[in-house]
Protein chains: 2
Amino acid sequence: MRADIITIGDEILIGQIVDTNAAFLGKALNKIGVEVRQIRSISDDKTAILEAFSEAQNSVDLVVMTGGLGPTKDDVTKHTLCEYFDDSLVFCPDVMAHIEMLFSKYVKAPVNALNRSQAMLPSTCKQLFNHHGTAMGMWMQKENTVFVSLPGVPFEMKYLVSKYLIPGIKESFSLPALVNKTMMTYGLGESIIAEKISDWEHALPPHIKLAYLPNLGRVRLRLSAKGTDQAILLNEIDALFDALYPIIGENIKGFESEEPIEIQIGNALIAKNYSLATAESCTGGALAALFTKNAGASAYFKGSVVSYATELKHAILDVSKDVIAKHSVVSEPVAMAMARGVLRHTKANVSVATTGNFGPAKGDADAEIGTVCIAIITPEREVVETFCFGKHRDRNLQKTVNKALELLHGILVD
Amino acid sequence: MRADIITIGDEILIGQIVDTNAAFLGKALNKIGVEVRQIRSISDDKTAILEAFSEAQNSVDLVVMTGGLGPTKDDVTKHTLCEYFDDSLVFCPDVMAHIEMLFSKYVKAPVNALNRSQAMLPSTCKQLFNHHGTAMGMWMQKENTVFVSLPGVPFEMKYLVSKYLIPGIKESFSLPALVNKTMMTYGLGESIIAEKISDWEHALPPHIKLAYLPNLGRVRLRLSAKGTDQAILLNEIDALFDALYPIIGENIKGFESEEPIEIQIGNALIAKNYSLATAESCTGGALAALFTKNAGASAYFKGSVVSYATELKHAILDVSKDVIAKHSVVSEPVAMAMARGVLRHTKANVSVATTGNFGPAKGDADAEIGTVCIAIITPEREVVETFCFGKHRDRNLQKTVNKALELLHGILVD
């Protein structure tokens with residue numbers, strides 16, 4: 001079965017926000033076997049919405065749309081649904097009671113006429129009750145196509161997706177099996193990989209598709225299979241990936257996990273009863289922020305010292321002034337001393353330290369722009385390495401975070 | 001003039017990546033007066049791409065597409081362009097020389113047949129030379145519609161946009177003036193604002209559009225105007241916004257800047273010759289990471305202590321154990337002591353400290369989930385406040401970062 005995702009809102013078209021809803025929906029639909037034909041972002045405009053509906057009608061089985069359900073005049077989705085379905089809005093007392101409850105509890109203001117309008121829903125829609133907000137979801141059907149409208153607030157949208165959309169799709173449609181699996185490779189460019197595996201690629205069966213996803217020093221290879229049985233497809237994909245080991249085995253670093261790498265690291269730390277601290281200069285707290293973003297980080301994460309100014313490396317992390325003077329602040333001895341210093345102060349037993357020069361200016365360091373030293377200490381090993389990442393600050397930050405995680409993952413998990 | 005943005009790649013449809021290219025392009029086009037009719041994300045599939053082309057042909061003046069220009073078999077954009085334009089690929093020696101140069105310099109591997117294929121371009125295209133990669137951009141025209149194809153790698157795409165796309169559009173089209181300006185309001189829900197400003201809203205002239213953008217405790221009001229003269233439109237918008245002060249003045253907190261709030265804070269710190277440090281518990285380094293992400297942060301940012309574990313608040317930030325025992329770790333006295341401690345250790349003179357309980361578990365604190373204390377010290381003022389943000393970890397992190405920035409901005413800039 002195929003679906004269109006439609007995200008409604010001028011803020012997307014003028015680049016005022018990045019459309020993360022579409023990616024969330026794409027992932028959720030793909031996971032249960034719904035093939036997304038396209039994502040379409042359009043204006044808060046009746047004509048544009050109606051055109052997108054007509055184009056989807058009977059071409060796809062399902063249209064999932066987000067946005068345009070607020071109480072204000074620029075929100076037109078509900079009226080457009082009524083026009084397309086030749087329906088009209090009716091007052092829903094249960095929705096009104098819920099809106100009144102939310103207002104008395106959180107807004108501490110009386111409900112006004114605009115809020116009251118959110119209790120008006122198309123008479124033929126199946127209501128997807130939104131316990132977390134005032135905009136209800138709607139499920140409607142015309143001929144062979146189901147139209148589902150969800151609020152644009154990501155938090156509310158996600159709630160309705162897991163509570164109603166996914167179960168509703170499973171109940172209403174017979175779904176094929178779709179399987180995606182992504183192999184991680186490091187150290188070879190995509191064209192070189194493609195040349196090496198070209199016989200393998202040409203022999204892929206028609207129901208299995210290969211994609212190359214190159215990104216900052218690594219190339220991910222994704223196989224996507226479509227069929228009737230998930231387990232059979234997964235076996236086929238695994239057998240195909242196995243056949244790559246004799247060809248590019250030393251460049252393969254496992255598979256992309258459903259779990260982000262920082263979660264895998266956290267789980268490994270918990271399993272070993274280790275605790276982590278970071279000493280960050282060039283990454284400026286990005287590593288600490290990445291670990292602590294996740295619930296449960298306090299089970300293994302002690303803390304971090306962000307010694308952005310050179311003098312703090314001495315003042316808070318006890319890096320000797322002589323070492324800094326002799327080797328310069330971007331150097332392996334300084335990185336290692338930072339890693340040791342943060343262990344001493346936090347009583348953690350695993351540490352990651354970064355010192356580097358991301359540019360655009362050269363700063364206090366002698367090192368060329370793009371030079372980064374990463375040190376890692378664990379009870380089983382000490383590692384320090386220098387990397388030359390290039391001239392671009394944003395990319396240097398991302399590359400350093402990726403590399404630090406890769407090194408730590410390598411020691412703790414592989 | 002109107003444009004479609006087409007982003008090509010299955011990785012977008014299955015939610016493997018978030019499509020940030022579309023937002024970047026939307027913003028860049030909007031800025032010079034190009035109205036984006038829609039953003040469309042489609043599969044790496046000839047039929048899907050051709051359908052999107054046909055649908056755009058003569059409906060919009062410009063189609064900007066990204067992706068599908070790599071050297072591997074799954075990249076089909078160039079072949080599809082040839083089919084659509086009834087054109088064929090020709091070998092471009094200058095592109096080949098550039099690819100060979102990149103390979104000898106960075107890849108340290110010989111150029112293979114696949115790389116060579118990247119030097120083949122449609123014979124009628126205007127080449128947009130990509131100095132930062134092997135995939136060239138292309139500019140082609142059919143009847144009244146220009147088609148521009150750009151690589152999907154964000155860094156390379158952005159380079160071609162500023163170097164060729166924007167100047168090319170300015171040269172080839174007569175552009176209307178588009179102006180967007182966004183007012184920030186705090187403390188009123190969108191429906192309450194809408195009720196209060198309803199007379200004002202109904203009197204808006206037809207060429208000026210209002211949007212409500214509610215988000216975590218604030219509502220942004222965006223006015224978008226279309227006309228022929230940028231200065232006149234801006235005057236009109238400013239006059240309209242001025243008329244809101246008598247109605248909701250005390251809830252207005254200025255305008256959304258082109259500059260992110262952390263850059264505005266950084267500039268204010270530099271102007272006052274102040275230096276900043278953060279002491280972060282619940283935000284886990286997110287504030288430090290936000291400031292240091294930007295070039296030039298070393299001019300005002302000293303560093304941070306992320307005292308995630310309770311004992312580090314004492315060990316590194318000198319918060320007395322008695323204060324923690326008496327008031328609990330999530331409390332205003334602890335936040336204030338953290339702010340003082342980090343000033344002492346870093347010799348900064350402005351500090352922000354956060355301590356809170358983001359959930360889902362209650363942790364070491366007595367405080368309810370969602371309770372956050374933020375302390376700020378500057379040479380002119382000391383502030384400490386407690387907030388109750390709610391039950392959801394991700395939102396609590398974002399709300400705390402927003403609130404800390406808002407408070408600091410309020411002291412330094414307003």
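If I filter segment A:137-160 for residues that are assigned to a strand (DSSP E or B), within 13 Å of chain B (Cβ to nearest Cβ), surrounded by fewer than 20 Cβ atoms within 10 Å (Cβ to Cβ) and out of contact with any strand residue (DSSP E or B) (no Cβ under 9 Å at 6 or more places or on another chain), do I get at least one hit?
No, segment A:137-160 contains no residue that is assigned to a strand (DSSP E or B), within 13 Å of chain B (Cβ to nearest Cβ), surrounded by fewer than 20 Cβ atoms within 10 Å (Cβ to Cβ) and out of contact with any strand residue (DSSP E or B) (no Cβ under 9 Å at 6 or more places or on another chain).
So A:Val18 passes all but one of these: (1) at the interface with chain B (Cβ under 7 Å from one of its Cβ atoms); (2) assigned to a loop (DSSP other than H, G, I, E, B); (3) closer than 30 Å to A:His207 by Cβ. Which condition number does it fail?
Only one criterion in (1) at the interface with chain B (Cβ under 7 Å from one of its Cβ atoms); (2) assigned to a loop (DSSP other than H, G, I, E, B); (3) closer than 30 Å to A:His207 by Cβ is unmet by A:Val18, namely (3).
Can you tell me which residues in segment B:203-213 are in a strand (DSSP E or B) and more than 7 Å from chain A (Cβ to nearest Cβ)?
Result: B:Ile208, B:Lys209.
Among A:Leu81, A:Leu165, which is the only one that is closer than 28 Å to A:Asp10 by Cα, surrounded by 19 or more Cβ atoms within 10 Å (Cβ to Cβ) and over 27 Å from the mean Cα position of the chain (by Cα)?
A:Leu81
Tell me, please, whether a residue that is among the β-branched types (Val, Ile, Thr), in the same structural domain as B:Asn402 (by TED's automatic domain parsing) and closer than 30 Å to A:Lys362 by Cα can be found in segment B:283-291.
Scanning segment B:283-291 turns up at least one residue that is among the β-branched types (Val, Ile, Thr), in the same structural domain as B:Asn402 (by TED's automatic domain parsing) and closer than 30 Å to A:Lys362 by Cα.
Take B:Ser191 and decide whether it is of a type in the set (S, T, N, Q) and farther than 30 Å from B:Thr378 by Cβ. Explain how you work it out, then say what you get.
Working: of a type in the set (S, T, N, Q): yes; farther than 30 Å from B:Thr378 by Cβ: yes.
Yes: the conditions hold for B:Ser191.
Looking at segment B:161-194 only, could you name the residues that are of a type in the set (Val, Ile, Thr), outside any strand (DSSP E or B) and away from chain A (no Cβ under 11 Å)? Outline the logic, then answer.
At the first step, the residues of segment B:161-194 found to be of a type in the set (Val, Ile, Thr) are B:161, B:166, B:169, B:179, B:182, B:185, B:192-193.
From what is left, the residues that are outside any strand (DSSP E or B) are B:161, B:166, B:169, B:192-193.
The answer is B:Val161, B:Ile166, B:Ile169.
Go through segment B:107-117 and count every residue that is part of a loop (DSSP other than H, G, I, E, B) and at the interface with chain A (Cβ under 8 Å from one of its Cβ atoms).
Here the count works out to 2.
Among the residues in segment B:242-252, are any closer than 28 Å to B:Arg395 by Cα, free of Cβ contacts under 8 Å to residues at least 24 places away in the same chain and surrounded by 14 or more Cβ atoms within 10 Å (Cβ to Cβ)?
No, that holds for no residue.
Tell me, which residue of segment B:1-11 that is aliphatic (A, V, I, L, M) and modelled with pLDDT of 95 or more is farthest from A:Ile32 (Cα to Cα)?
Taking segment B:1-11 first, the residues aliphatic (A, V, I, L, M) are B:1, B:3, B:5-6, B:8.
Narrowing the set further to residues that are modelled with pLDDT of 95 or more leaves B:3, B:5-6, B:8.
On the way: B:Ala3: 34, B:Ile5: 28, B:Ile6: 26, B:Ile8: 22 Å.
Here the residue is B:Ala3.
Looking at the structure I just gave you, is A:Ile411 crowded, with 20+ Cβ neighbours inside 10 Å, more than 14 Å from chain B (Cβ to nearest Cβ) and either more than 17 Å from A:Pro260 (Cα to Cα) or not aromatic (Phe, Trp, Tyr) (or both)?
Numbers: crowded, with 20+ Cβ neighbours inside 10 Å: no; more than 14 Å from chain B (Cβ to nearest Cβ): yes; either more than 17 Å from A:Pro260 (Cα to Cα) or not aromatic (Phe, Trp, Tyr) (or both): yes.
No.
So which residues in segment B:249-280 are in a loop (DSSP other than H, G, I, E, B) and out of contact with any Lys or Arg (no Cβ under 9 Å at 6 or more places or on another chain), if there are any at all? First the steps, then the outcome.
Filtering segment B:249-280 down to residues in a loop (DSSP other than H, G, I, E, B) leaves B:256-260, B:273-275.
If the condition is that a residue be in a loop (DSSP other than H, G, I, E, B) and out of contact with any Lys or Arg (no Cβ under 9 Å at 6 or more places or on another chain), then B:Ser257, B:Glu258, B:Glu259, B:Pro260, B:Asn273, B:Tyr274 are the ones that fit.
Among the residues of segment A:305-316, what is the count of those that are farther than 20 Å from B:Asn294 by Cα and either at the interface with chain B (Cβ under 7 Å from one of its Cβ atoms) or buried (at least 23 other Cβ atoms within 10 Å of the Cβ) (or both)?
Adding up the residues that qualify gives 3.
Yes or no: A:Ile376 of a type in the set (A, V, I, L, M), in contact with a helix residue (DSSP H, G or I) (Cβ under 8 Å, 6 or more places away or on another chain), surrounded by 17 or more Cβ atoms within 10 Å (Cβ to Cβ) and without any contact (Cβ under 8 Å) to a residue 40 or more places away in the chain?
So A:Ile376 passes the test.
Could you tell me how many of the residues in segment A:379-391 are in a loop (DSSP other than H, G, I, E, B) and surrounded by 14 or more Cβ atoms within 10 Å (Cβ to Cβ)?
The number of residues fulfilling the criteria is 2.
Scan segment A:36-59 and tell me whether some residue there is assigned to a strand (DSSP E or B) and more than 9 Å from chain B (Cβ to nearest Cβ).
Among the residues of segment A:36-59, not one is assigned to a strand (DSSP E or B) and more than 9 Å from chain B (Cβ to nearest Cβ), which makes the answer no.
I need every pair where a residue in segment A:70-91 that is in a helix (DSSP H, G or I) has its Cβ under 6 Å from the Cβ of a residue that is of a type in the set (S, T, N, Q), sequence separation at least 6 or different chains.
If the second residue must be of a type in the set (S, T, N, Q), the pairs left are A:Thr77/A:Ser149; A:Cys82/A:Ser88.
Can you name every residue in segment A:26-54 that is without any contact (Cβ under 8 Å) to a residue 12 or more places away in the chain and more than 19 Å from the chain's Cα centre (by Cα)?
The answer is A:Thr47, A:Ala48, A:Glu51, A:Ser54.
Yes or no, residue by residue, for (1) without any contact (Cβ under 8 Å) to a residue 60 or more places away in the chain; (2) not aliphatic (A, V, I, L, M):
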| residue | (1), (2) |
| --- | --- |
| A:Ala109 | yes, no |
| A:Ala119 | yes, no |
| A:Thr124 | yes, yes |
| A:Trp139 | yes, yes |
| A:Lys142 | no, yes |
| A:Val153 | yes, no |
| A:Leu160 | yes, no |
| A:Phe173 | no, yes |
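Among the listed residues B:Ser257, B:Ser224, identify the single one that is on the phi < 0 side of the Ramachandran plot, exposed (fewer than 15 other Cβ atoms within 10 Å of the Cβ), of a type in the set (S, T, N, Q) and modelled with pLDDT under 95. Write out each step before concluding.
Values: B:Ser224 fails: exposed (fewer than 15 other Cβ atoms within 10 Å of the Cβ).
On inspection, the qualifying residue turns out to be B:Ser257.
Taking only segment A:1-15 into account, find how many residues are in a loop (DSSP other than H, G, I, E, B), in contact with a helix residue (DSSP H, G or I) (Cβ under 9 Å, 6 or more places away or on another chain) and at the interface with chain B (Cβ under 10 Å from one of its Cβ atoms).
The total comes to 2.
A:Ala288 is checked against (1) touching a helix residue (DSSP H, G or I) at 6+ places or on another chain (Cβ under 7 Å); (2) under 19 Å from A:Ala375 (Cα atoms); (3) at the interface with chain B (Cβ under 8 Å from one of its Cβ atoms) and fails just one. What number does that condition carry?
Failing condition for A:Ala288: (1).
So which of A:Ala365, A:Ala315 ends up being within 27 Å of B:Cys282 (Cβ to Cβ), at pLDDT below 95 and aliphatic (A, V, I, L, M)?
Residue meeting the stated conditions: A:Ala315.
Among A:Ile39, A:Ile32, A:Ile17, which is the only one that is among the β-branched types (Val, Ile, Thr), closer than 30 Å to A:Leu234 by Cα and surrounded by fewer than 20 Cβ atoms within 10 Å (Cβ to Cβ)? Show your work before the answer.
Working: A:Ile39 fails: surrounded by fewer than 20 Cβ atoms within 10 Å (Cβ to Cβ); A:Ile17 fails: closer than 30 Å to A:Leu234 by Cα.
Going through A:Ile39, A:Ile32, A:Ile17 in turn, the sole match is A:Ile32.
From the list B:Ile232, B:Ile192, B:Ile166, which one is among the hydrophobic types (A, V, I, L, M, F, W, C) and assigned by TED's automatic domain parsing to the domain that holds B:Asn30? Give the steps one after another, and end with the answer.
Values: B:Ile232 fails: assigned by TED's automatic domain parsing to the domain that holds B:Asn30; B:Ile192 fails: assigned by TED's automatic domain parsing to the domain that holds B:Asn30.
Among B:Ile232, B:Ile192, B:Ile166, only B:Ile166 is among the hydrophobic types (A, V, I, L, M, F, W, C) and assigned by TED's automatic domain parsing to the domain that holds B:Asn30.
Answer with yes or no whether A:Glu382 is acidic (Asp, Glu) and touching a Phe, Trp or Tyr at 6+ places or on another chain (Cβ under 9 Å).
Spelling it out, it is not the case that A:Glu382 is acidic (Asp, Glu) and touching a Phe, Trp or Tyr at 6+ places or on another chain (Cβ under 9 Å).
Just checking, which of B:Val330, B:Val350, B:Val342 is within 14 Å of chain A (Cβ to nearest Cβ), closer than 20 Å to B:Glu380 by Cβ and out of contact with any helix residue (DSSP H, G or I) (no Cβ under 8 Å at 6 or more places or on another chain)?
Checking each option against the conditions leaves just B:Val342.
The values are calculated or read from the model by the stated rules, or taken from the named source; none is laboratory data. Remember, predicted model here, so these are calculated numbers, not experimental data. Positions of Cβ are backbone-derived with ideal geometry, glycine not excepted, and every protein chain shown enters the neighbour counts.
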